[in-house]
Structure formats: structure tokens, C-alpha cells
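Asks: Here's a structure for you.
The values are calculated or read from the model by the stated rules, or taken from the named source; none is laboratory data. This is a predicted model, so every value here is computed, not measured. With ideal geometry, Cβ positions are generated from the backbone for all residues, glycine too; neighbour counts draw on all protein chains shown. When the accessible area is computed, the model is the full protein with side chains, heavy atoms only, and any ligands, DNA or RNA have been set aside. Shrake-Rupley method; radii C 1.70, N 1.55, O 1.52, S 1.80 Å.
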Amino acid sequence: MNVRSQISTVFHLDKCIGCHTCSVACKSQWTDRRGMEYAWWNNVETKPGTGYPVSWEDQEQYKGGWKRDGDALKLRQGGRIASLSRIFSNPILPILDDYYEPFTYKYEDLFNAPAGKDQPTARPISLIDGKDMEIQSGPNWDDDLSGSNVYAAQDPNLEGLSAEERAELQGIERMVFFYLPRICNHCLNAACVAACPSGAIYKRGEDGIVLVNQDRCRGWRMCVSACPYKKIYFNWSTGKSEKCILCYPRLEAGEAPACFHTCVGRIRYLGVLLYDADRLLEAAGKTDAELVAAQRSVILDPFDPAVAAAARANGVPDAVIESARRSPVYRFVKEWQIALPLHPEYRTLPMLFYVPPLLPAMAQDAAEGEPSFFTSLEKARLPVKYLASLFTAGNEEIVKETYRKLMAVRLHRRSTQVGDLPPAAVEKAMAEARLAPADADAIYRLTSLASMDERIVIPPMMREGLSEPTVEPQRQNAAGFAYLRPPPGR
């Protein structure tokens with residue numbers, strides 16, 4: 001048993017209000033620089049929708065992630081020889097139009113326009129060449145289902161739905177959407193790490209955060225192709241690849257990442273997980289229907305004395321083990337099993353999990369004479385097939401199990417606080433979900449009432465005590481990264 005620790009996160013989608021505060025916080029802190037105008041390490045998408053970059057989920061087009069090849073795993077984009085053949089021309093690389101051409105406005109026209117009868121206008125201009133342009137897309141161009149007949153209808157996750165289900169989903173009385181915030185998943189089986197020819201991308205041993213060594217990066221962009229979530233961006237100014245670093249300088253100082261700290265809906269949870277590194281390839285090689293269960297099995301119980309002893313033997317500090325025991329991520333993912341990975345069929349074993357949004361009842365149900373605050377899986381506006389395509393690689397039963405628990409918590413709390421539901425119906429829902437009242441109350445508390453210290457449990461990094469610094473940090477330069485040099489005397 002090769003026990004290691006991994007910083008992991010959970011996003012509770014039922015609480016996301018789509019305010020984009022997280023995106024703005026990340027943009028202003030990390031990517032508000034020349035060459036990164038189009039890059040959003042954190043972005044919020046409207047689902048159903050094509051996302052950012054456009055149709056990033058279509059791996060037939062982008063060839064990201066891993067695929068099964070017999071008993072082995074291979075990068076979908078091909079091995080080293082295939083990557084070498086595409087160094088100078090990579091047809092599976094997203095182009096600027098797949099993101100959007102970054103723009104600003106000629107604000108000086110508002111101040112310097114001569115007096116006249118017409119109101120002066122600030123025309124949009126390109127941030128790349130400074131020329132006038134017509135805005136045609138953006139990082140969330142289909143926000144709140146704007147242009148849904150174009151964008152939402154092209155969502156790859158709708159592929160398994162019948163024509164009738166698609167038509168109903170777009171019907172006025174059934175129309176529904178939710179928000180999907182996305183950052184780098186800091187995967188356990190990261191395809192970007194495996195695809196980098198120069199070895200510039202690596203996972204930190206103490207916390208599993210995936211980083212790009214700016215000194216070693218050669219700008220070949222195989223990482224951009226290999227990442228199925230398209231969360232690595234090419235800086236056209238420096239010629240380097242950049243990605244979300246999970247605000248590790250903040251974590252090392254005991255502070256939450258910027259997007260977590262500023263989240264208005266308090267949807268974000270962070271904690272450390274202990275996992276068995278020897279079982280990663282086995283878990284990633286399972287069939288699609290088994291992937292979620294296999295990924296859960298890789299996560300170990302920090303309360304198990306054998307796991308704790310193996311972790312200590314592998315160099316995991318006791319303080320990190322204690323943090324794993326208080327981790328909200330462990331409770332959502334392993335204990336309660338209501339948080340699911342995004343597109344596990346990419347086989348990267350992502351360490352960002354999502355609690356799916358509660359399903360609203362159809363409006364026509366209320367019109368039939370008996371209004372209902374709740375819904376069932378059969379009367380939900382979002383088809384189970386769609387959610388299964390998004391979170392469980394098509395395994396609908398796992399989605400149903402998750403929603404039975406979420407609905408049971410809702411019914412249990414309604415019965416406790418309002419008391420207008422039949423006790424027999426509540427007991428039946430709790431029994432079907434195999435959920436104890438104490439667990440339902442715990443889920444409710446962590447979802448609704450938890451403080452920042454409960455939602456974000458940062459393990460002590462103790463980097464200064466684990467190793468002597470081998471390089472001397474330099475001041476931050478224009479690209480936002482400090483290039484390092486050996487300290488004097490080395």
C-alpha cells in the first residue's frame with residue numbers, strides 16, 4: 001500500500017449562483033497579463049451548453065485524456081512518435097476561435113469625443129492587434145441559456161438523449177439550466193504530465209498539485225492537447241504553457257485559494273485525501289460503468305490505523321493525516337458518496353468532484369392542481385441520462401443513488417423544520433437512500449451552515465521543514481512567474 005496525500009476539492013452545484021466572482025478573482029490575481037488575455041484558469045459554464053473552449057467535451061475532435069488499449073492505457077492523442085509528428089502542426093489543438101478573441105473598448109473615445117448631438121460610443125477593439133472588431137463569442141457566451149437553440153443544443157452530453165427528450169428539454173415549461181464552475185482537476189493520472197515531451201509538468205509530492213516548470217517548458221503544447229478538460233493555456237507572449245496552480249502560495253501560508261475565498265455561494269470545499277498510488281492504473285483501466293466506484297476505492301480511510309501507519313511510513317506527516325480526518329472532501333466523496341467526478345471516462349482520475357444540482361419539478365405538475373416543492377427522478381426536468389453522461393461515464397444507477405440521498409436530505413429537513421410532510425413518505429425516502437437521520441443532518445449542516453474552517457481544511461505544508469531550499473527565489477517578473485537560481489555557495 002503506497003499511501004500518498006492529495007489536495008482535493010468539491011463544488012456543490014446546487015449552491016452556485018453563476019455570479020462569476022471566482023473567475024474575476026482568479027483573472028485579476030493570475031491571468032491579467034500580456035499573453036493570457038483569453039485564458040481563464042477558473043471559468044463558469046452554463047449547462048446544457050458547449051462550454052469553454054467550445055465543445056471541449058468532444059474528444060473525437062480534441063483527442064484528450066486516456067483510452068483503454070487491451071489491459072493498458074494509452075493517451076488518446078497518441079504516444080511520443082505521434083506527438084513528435086505534430087510539433088510544428090497540431091490539428092487537434094484548440095485555436096483562438098475555439099476560445100474567443102480577447103477584447104477591450106476604446107474608452108478614451110468617451111472622454112475625448114468632441115461636443116455634439118450624438119452620444120459617444122466606446123467601440124470594441126482586439127487585445128491582440130488593437131484593431132476594431134465585432135465581438136462574436138466569450139468565455140461564457142451562452143450564459144443563462146442565451147442562444148440555447150445554438151449552444152445548448154450542441155452540448156455533447158445530449159448525444160444519448162432521444163429526439164423527444166431533447167425537444168422536451170428545450171420546451172418552455174421544461175427549460176432548465178445550472179452552472180458548472182471549472183478549474184484544473186489536479187488529476188491523479190494526469191494526461192498532461194504524461195504527454196509533456198520536456199518533462200516540464202509534474203505533480204508535487206507532498207500535495208499532488210500539478211504545476212508547470214516555466215524554465216523547462218518549450219511551448220510544444222502537447223499538454224494542451226492531452227488535457228481533456230482543456231485547462232492548460234498557451235501564453236503567446238512568453239511561449240510557455242500555464243495552468244491553475246491551486247493558489248499554492250496561498251495554501252502554504254494557510255490561506256484558501258482566491259476562487260474559494262471569494263465564492264459568494266460558498267459552494268467550494270477543500271481538503272486532503274489519502275490514496276493508494278499502487279492502484280491508480282488499475283482504477284483508471286476499469287470499464288466505464290466501474291470507473292466511479294474504482295476511483296472511490298483508491299481513496300483510503302484516514303481513520304484506519306493501518307492506513308495511518310502506512311502513510312507515516314511513506315513520509316506523510318501526522319498533521320496531514322489529522323487534516324485528512326477532518327476533510328470535508330472525504331465526507332462528500334467517500335463517506336456519503338454524493339460528490340462525483342467530471343467525465344471519469346477520460347480516465348485521468350480527477351480530484352475535483354461535484355455534488356450535482358437538485359432536480360426541479362416540472363411546472364406542469366403544479367398546474368395539474370397539486371403543487372409540489374419536490375420532484376422525483378421520473379419527473380425531473382434534467383434527464384438522468386444527461387447527468388450520467390456528465391458525471392458517471394453513463395452509469396445511471398450511480399446518479400440515481402446520489403439523487404436519492406439528496407432528495408432524502410431535503411425531505412428529512414422539511415419534515416424536521418416545517419412538519420408538513422407525511423412521516424411515512426419521509427421514512428420511505430430515507431430507507432430507499434439508505435441514509436440515517438444523523439447523516440442527513442450532517443449533510444445539511446456541511447452544505448448550509450458550515451463555517452469557512454469547516455469547508456476549507458488546509459493541511460500544513462511544512463515545506464521548509466521537509467527539505468532545504470535548493471534555489472533562491474527571485475522577484476516576480478512581467479509574466480507572473482519568478483525564475484529561480486541556485487543560492488550563493490551552491
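Asks: Along Cα→Cβ, 7 Å out, is where each label goes; now give me the distance between the ones at D144 and R68 in nm to one decimal.
Replies: The two pseudo-label positions are separated by 4.4 nm.
Asks: Then there is this: Provide the per residue accessible area, probe 1.4 Å, for the stretch 2-75, rounded to a whole number of square angstrom.
Replies: Value for the stretch 2-75: 35 Å² per residue.
Asks: Please report, for the Cα atoms of the stretch 144-264, the Rg to one decimal and the Dmax as a whole number; what are they, in angstrom?
Replies: Here Rg and the maximum Cα pair distance are 18.9, 55 Å.
Asks: Considering the dipole of the chain built from charges on the beta carbon (Lys and Arg +1, Asp and Glu -1) around the Cα centre, which of G116, L359, I87 is farthest to its positive end?
Replies: My answer, from the dipole projection, is I87.
Asks: Tell me, what is the percent relative contact order of the stretch 24-118, built from C-alpha pairs under 8 Å that lie six or more residues apart?
Replies: In percent, rounded to a whole number, it is 23.
Asks: With a 1.4 Å probe and all protein chains kept in place, how much accessible area does D318 have, in Å² rounded to the nearest 10?
Replies: The value for D318 is about 90 Å².
Asks: Here's something else I'd like to know. For the chain, with all protein chains present and a 1.4 Å probe, just round the carbon and sulfur fraction of the accessible area to a whole percent.
Replies: Working: 11690 of 22730 Å².
Of all accessible area on the chain, carbon and sulfur atoms account for 51 percent.
Asks: Continuing with the same structure: What number comes out for the charge environment of A309, summing +1 per Lys or Arg and -1 per Asp or Glu over other residues with Cβ under 13 Å away?
Replies: -2
Asks: Counting Lys and Arg as +1 and Asp and Glu as -1, each charge on the Cβ, what is the dipole of the chain about the Cα centre in debye, to the nearest 20?
Replies: 1400
Asks: Using θ = phi - 60° and the Karplus curve 6.51 cos²θ - 1.76 cosθ + 1.60, what whole-Hz ³J(HN,Hα) does each residue of the stretch 241-247 get, with Gly and Pro shown as x?
Replies: Each residue's phi maps through the Karplus curve to give 8, 9, 7, 4, 10, 6, 6 Hz.
Asks: Per-residue HN-Hα couplings for the stretch 179-186, Karplus 6.51 cos²θ - 1.76 cosθ + 1.60 at θ = phi - 60°, whole Hz, x for Gly and Pro?
Replies: For the stretch 179-186, the Karplus curve yields 9, 10, x, 9, 10, 4, 7, 6 Hz.
Asks: Now for a different question. Only Lys, Arg, Asp and Glu count, each charged at its Cβ (+1, +1, -1, -1), so figure out the dipole size of the stretch 53-192 about its Cα centre, rounded to 20 debye.
Replies: That gives the stretch 53-192 a dipole magnitude of about 740 debye.
Asks: When the solvent-accessible surface of protein heavy atoms is calculated with a 1.4 angstrom probe, in what order do E242, E164, E401 fall, highest first?
Replies: E164, E401, E242
Asks: If ligands, DNA and RNA are left out, what is the accessible area of I135 with a 1.4 Å probe, given in Å² to the nearest 10?
Replies: Near enough 40 Å² of accessible area.
Asks: How large is the dipole of the stretch 210-328 about the Cα centre if only Lys and Arg carry +1 and Asp and Glu carry -1, each at its Cβ, rounded to the nearest 20 debye?
Replies: Dipole magnitude for the stretch 210-328 comes out near 600 debye.
Asks: Per the Cauchy relation, a quarter of the hull surface: what is the mean projected area of the convex hull of the alpha carbons in the stretch 2-98, in nm²? Numbers along the way, then the final one.
Replies: Numbers: hull surface 41.3 nm².
Projected area, direction-averaged: 10.3 nm².
Asks: Right, next: Per residue of the stretch 191-207, in order, report the coupling 6.51 cos²θ - 1.76 cosθ + 1.60 (Karplus, θ = phi - 60°) as ³J(HN,Hα) in whole Hz, putting x for Gly and Pro.
Replies: Along the stretch 191-207, the couplings run 5, 5, 5, 6, 8, 6, x, 8, x, 7, 9, 8, 9, 5, x, 7, 9 Hz.
Asks: What ranking of R413, R268 comes out by heavy-atom accessible area, probe 1.4 Å, highest first?
Replies: Largest accessible area first, the list is R413, R268.
Asks: Can you tell me the accessible area per residue over the stretch 219-290, all protein chains present, probe 1.4 angstrom, in square angstrom?
Replies: So the stretch 219-290 comes to 33 Å² accessible per residue, rounded to a whole number.
Asks: Protein chains only, probe 1.4 Å: how do K400, K230 rank by accessible area, largest first?
Replies: Details: K400 65, K230 0 Å².
I get K400, K230, largest accessible area first.
Asks: If ligands, DNA and RNA are left out, what is the accessible area of M1 with a 1.4 Å probe, given in Å² to the nearest 10?
Replies: Counting only protein heavy atoms, M1 exposes about 110 Å² to solvent.
Asks: If you take the C-alpha gyration tensor of the chain, multiply each eigenvalue by 5 and take the square root, what semi-axes do you get, largest first, in whole Å?
Replies: 36, 32, 23
Asks: Given Cα pairs under 8 Å that are at least 6 residues apart, what percent is the relative contact order of the chain?
Replies: Worked out over the chain, it gives 21 percent.
Asks: Could you state the accessible area per residue of the stretch 83-217 in Å², with a 1.4 Å probe and every protein chain left in place? Spell out each step's value before the answer.
Replies: Working: 7380 Å² over 135 residues.
Accessible area per residue: 55 Å².
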